1. What are the residues in the stretch 191-243 that are more than 24 Å from residue 18 (Cβ to Cβ) and in contact with a Pro (Cβ under 8 Å, 6 or more places away or on another chain), if any?
2. Please state which one of 108, 79, 125 is touching a Gly at 6+ places or on another chain (Cβ under 9 Å) and acidic (Asp, Glu).
3. Can you run down the residue pairs with Cβ atoms below 7 Å, 6 or more apart or on separate chains, where the first is in the stretch 37-62 and modelled with pLDDT under 75 and the partner is outside any helix (DSSP H, G or I) and loosely packed, with under 11 Cβ neighbours inside 10 Å?
4. Name the one entry in 200, 206 that is open to solvent by less than 50 Å² (accessible area, probe 1.4 Å) and assigned to a loop (DSSP other than H, G, I, E, B).
5. How many residues are part of a helix (DSSP H, G or I) and buried (at least 16 other Cβ atoms within 10 Å of the Cβ) when one looks only at the stretch 15-31?
6. Does residue 224 meet the test of being in contact with a Cys (Cβ under 7 Å, 6 or more places away or on another chain) and open to solvent by less than 10 Å² (accessible area, probe 1.4 Å)?
7. Would you mind finding the one in 207, 163, 231 that is at pLDDT 95 or above and under 30 Å from residue 116 (Cα atoms)?
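The values are calculated or read from the model by the stated rules, or taken from the named source; none is laboratory data. This is a predicted model, so every value here is computed, not measured. Every residue, glycine as well, gets a Cβ built from its backbone with ideal geometry; the counts of neighbours run over all protein chains shown. Side chains are part of the model used for accessible areas, which takes the heavy atoms of the whole protein and leaves out ligands, DNA and RNA. Shrake-Rupley method; radii C 1.70, N 1.55, O 1.52, S 1.80 Å.
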Amino acid sequence: MKHTLTEEQVASYRDNGFLVIEGFLDAGEFAEWRRCTDEAVEQRLADGRGFGNLNNQGDPDAYYAQVFTQCLKLAETHDGMRQIMLDPRLGKMAATLAGVDGVRIWHDQALIKPPFGNPTAWHLDNPYWSFSSPDALSIWVALDDATLANGCMWYIPGSHKGARFENVGIGQNQTDLFKVYPEWRQVESVGCPCPAGSAVFHNGLVAHGAGANMTNRPRRAMTCAYMPDGATFNGQKNVLPDDYFATLSVGDVLNDDAVNPLLWKRGR
C-alpha cells in the first residue's frame, strides 16, 4: 500500500479537495480488497436487509437503483472487510490529509455501477451525515479500471472551500447542485480515470459525481468515510443505529467505538 504521503500530495488535496493515488494497492492487497468486497456484497444482497445495509433495494428499475448498488457497513458483517477497514494506515492517511489528530470510521460502503448504469448526479457528502465538519473525507478504491466510459469520479476542484453544508439529493438532474452553488458553474470540472487498485481521497464538502456506465461491465468501487475524532452530533440520523440515535442530543461527541471505531490517533 502506498500509505506514505508527500507534502505535495497533502497540499494538492487541501487545495483541490481530492487526491488520486494510482497503484495504491499492491497485487496481493488488491486481490483481497476485491475478494472481500465481492463476497460481502453477495452476502448482503442475499440477506436483503434495510437501509442501514442496502439503501436502494426495492424496485430494481427505479432510477437510483440503476445509479449504483450501494451496500453500507460491510465491515459489520464480513470479517475480511473488517480487517481491511480497520487498517490504521488508512486512518493516518486520512488524518494527515485533513490535518486532524485522529479519525473515526463513519461508514464503509461498496458502490457498484451496473452495466449501462445511470450517472451519479453532482452532490456533497458531509451534509448527509450526522456530524458537520469541513475535515470529513472519504477514500474511494477502484476495483475495476475506472474510465471516462464506465463512470469514473468527477470533481469541481476547490469547491470544498466555499461549500455551506447545503446539498441536494442524487437525482436525475445533473444541474441541481449548481442551483444551490451557481458560482461553481464557472469552474472547470476534472475527471479522474484511474486503473484498478488506485485510490481517490476526497473532502466531504467537495462537489463530485460520476458519469454513466456506457459499457456492458460493472464498475466496482469500495469506499470508506472518515469522521474527525471529536466531531459532534448535528441531529441527523443518517446511518446511526436506532438505539444509539435515541440516546443522543445535538452537540454530543460521537465517540462510541462500537459504532464509529477510532482508526488512528496521534500519539496513541
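1. Scanning the stretch 191-243 gives 216, 217.
2. The unique qualifying residue is 125.
3. Every condition considered, the pairs that remain are 57/48.
4. 206
5. 2
6. Details: in contact with a Cys (Cβ under 7 Å, 6 or more places away or on another chain): no; open to solvent by less than 10 Å² (accessible area, probe 1.4 Å): yes.
Answer is no for this residue.
7. Testing whether each residue is at pLDDT 95 or above and under 30 Å from residue 116 (Cα atoms) leaves just 207.
Yes or no, residue by residue, for (1) in contact (Cβ under 8 Å) with a residue 40 or more places away in the chain; (2) β-branched (Val, Ile, Thr); (3) touching a strand residue (DSSP E or B) at 6+ places or on another chain (Cβ under 6 Å):
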| residue | (1), (2), (3) |
| --- | --- |
| 181 | no, no, no |
| 186 | no, no, no |
| 189 | no, no, yes |
| 201 | yes, no, yes |
| 205 | yes, no, no |
| 209 | yes, no, yes |
| 223 | yes, yes, yes |
| 237 | yes, no, no |
